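Following: one structure in C-alpha cells, then a few remarks.
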Amino acid sequence: MIRVSDYERVVFFTGAGMSVESGVPTYRGPGGVWKEYDYEAYACQPAFDRDPTNVWEFHNYRRGLVGACAANRGHQLVAAAAEQVSVTVVTQNIDGLHQLAGTQEVIELHGSLWRVRCDACGAREEDREAPKAVLRCACGAWWRPDIVWFGDALDDASIAGAVSSIGACDLLVSIGTSAVVYPAAQLPLIAREAGAKLLEINPEPTPMSAIYDECMRGTATEMLEALCR
Ligand code: OAD
C-alpha cells in the first residue's frame, strides 16, 4: 500500500476527475463538456477568430459554473500533503481549485479560466469575474481566455516546469485523467524513466494504466484519504 508520507518529492498529476466532486463536469464522460459543446465552435483559435462573442459566451458560462464550485476534500488533502512532503501539482485543469485549496506549487498545463491575454499587445490579466464584463484589452483588441485550446501549443515554461518536477519526483500520483490528450498524457512516462513510483487513481482504467506500479480504482477523495493518511 502506497503512502504519501513514505516519499520525499511527490507530484500529483491531475485531470478533470479531480474536480468532479466539486461539481465541475469532466470533458469526455457522461455529461462531459465536449459531449454537449462542439470544441470546433467554442475552443479553438479559428472559432475565436471567426466569432469571439460566441466563444466568450461559452467561457463566461463556464466561469459562472466553475466559479460557484468550491475545492473538495481531495484538493484539500493534496494541499495538506505539503506539510509532510514536497508537493508539486501538475494539472490539466483550468478551474483554479488546487490553488483555492491552498497548494502553492501548481503548474497549469492547459492555462486558466481565470486569466486572459491579449495577443495584440501581450498584456495578461487575472480575475474571477463571472461573467467577465470587459472583453477588450485597453489596446482595443479582444481579450482571449488564456487557455490551451485544441490545436494550440503548450506554454514552454509550463512544460519545462512539469518535466523538471516530474523528472525529480519519487512518487507520481495521477488522478482523474482519461490520458488521451497529448502531450500531457505522456508526461508520467518521465517519472517512470527516472525510477519514481507511479500510482494511478481513477474509477476506470485508462490507455496509460499499464505504466503504473499500482492503480486505485475509486474516486479522487476516497483514494486520497487512504493515500494521505
Ligand atoms: P476527461 O474528461 O477526458 O477524463 C476525466 C477522467 O476522470 C476519466 O478518466 C474518468 O474516469 C475520471 N473520473 C471521473 N470521476 C472521477 C472521480 N470522482 N475521481 C477520479 N477520477 C474520476 O478529462 P481530462 O483527462 O482532464 O483540455 O482531459 C484532458 C484535457 O482534455 C482537459 O484538460 C481539457 C480537455 O480537452 C482543455 O480544456 C485545454
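Numbers for the structure displayed
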read-out: Of all residues making up the stretch 10-35, the number that are more than 12 Å from the chain's Cα centre (by Cα), surrounded by fewer than 21 Cβ atoms within 10 Å (Cβ to Cβ) and within 20 Å of Gln186 (Cβ to Cβ); value: 1
read-out: Output for the stretch 99-125, where each listed residue is among the acidic types (Asp, Glu) and closer than 27 Å to Ala185 by Cα; value: Glu105, Glu108
read-out: When residues of the stretch 1-22 are limited to those that are in a loop (DSSP other than H, G, I, E, B) and farther than 19 Å from Ala82 by Cα, the one nearest to the ligand (Cβ to nearest atom); value: Gly15
read-out: Any pair with Cβ under 9 angstrom, 6 or more apart, that starts in the stretch 60-71 at a residue that is closer than 19 Å to Tyr37 by Cα and ends at one that is open to solvent by less than 50 Å² (accessible area, probe 1.4 Å) and assigned to a helix (DSSP H, G or I); value: Arg62/Val33; Val66/Ser19; Val66/Ser22; Val66/Leu97
read-out: Neighbours by Cβ (under 7 Å, 6+ apart or cross-chain): first from the stretch 169-188, among the small types (Gly, Ala, Ser); second open to solvent by 40 Å² or more (accessible area, probe 1.4 Å); value: Gly176/Val20; Ser178/Arg28; Ala179/Pro207
read-out: Hey, Ser158 touching a residue at least 40 places away in the same chain (Cβ under 8 Å) and surrounded by fewer than 21 Cβ atoms within 10 Å (Cβ to Cβ) or not; value: yes
read-out: Subset of the stretch 106-117 (residues that are more than 13 Å from the ligand (Cβ to nearest atom) and assigned to a loop (DSSP other than H, G, I, E, B)); value: none
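Matching residues to (1) within 19 Å of the chain's Cα centre (by Cα); (2) charged (D, E, K, R):
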{"residue": "Val134", "(1), (2)": "no, no"}
{"residue": "Ala141", "(1), (2)": "no, no"}
{"residue": "Ala162", "(1), (2)": "yes, no"}
{"residue": "Ile166", "(1), (2)": "yes, no"}
{"residue": "Asp170", "(1), (2)": "no, yes"}
{"residue": "Ala179", "(1), (2)": "yes, no"}
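Let's see how each residue does on (1) touching a strand residue (DSSP E or B) at 6+ places or on another chain (Cβ under 8 Å); (2) more than 22 Å from Gly67 (Cβ to Cβ):
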| residue | (1), (2) |
| --- | --- |
| Val106 | yes, no |
| Asp127 | yes, no |
| Ala130 | no, no |
| Val148 | yes, no |
| Asp156 | no, yes |
| Cys169 | yes, yes |
| Ala179 | no, yes |
| Tyr182 | no, yes |
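Listed here are the residues, each with its yes/no results for (1) of a type in the set (Val, Ile, Thr); (2) over 20 Å from Ser174 (Cα atoms); (3) more than 15 Å from the ligand (Cβ to nearest atom).
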position	(1), (2), (3)
Tyr61	no, yes, no
Ala68	no, yes, yes
Asn93	no, no, no
Gln99	no, no, yes
Asp119	no, yes, yes
Arg128	no, yes, yes
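So that you can scan it fast, the table gives a plain yes or no per residue for (1) open to solvent by less than 50 Å² (accessible area, probe 1.4 Å); (2) modelled with pLDDT under 95; (3) closer than 30 Å to Trp142 by Cα:
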{"site": "Asp49", "(1), (2), (3)": "no, no, yes"}
{"site": "Ala79", "(1), (2), (3)": "yes, no, no"}
{"site": "Ser86", "(1), (2), (3)": "no, no, no"}
{"site": "Thr103", "(1), (2), (3)": "yes, no, no"}
{"site": "Glu108", "(1), (2), (3)": "yes, no, yes"}
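The values are calculated or read from the model by the stated rules, or taken from the named source; none is laboratory data. Just so it is clear, the model here is predicted, and its values are computed rather than measured. Note: ideal-geometry Cβ built from the backbone for every residue, glycine included; neighbour counts use all protein chains shown. All accessible areas refer to the heavy atoms of the entire protein, side chains included, with ligands and DNA or RNA removed. Shrake-Rupley method; radii C 1.70, N 1.55, O 1.52, S 1.80 Å.
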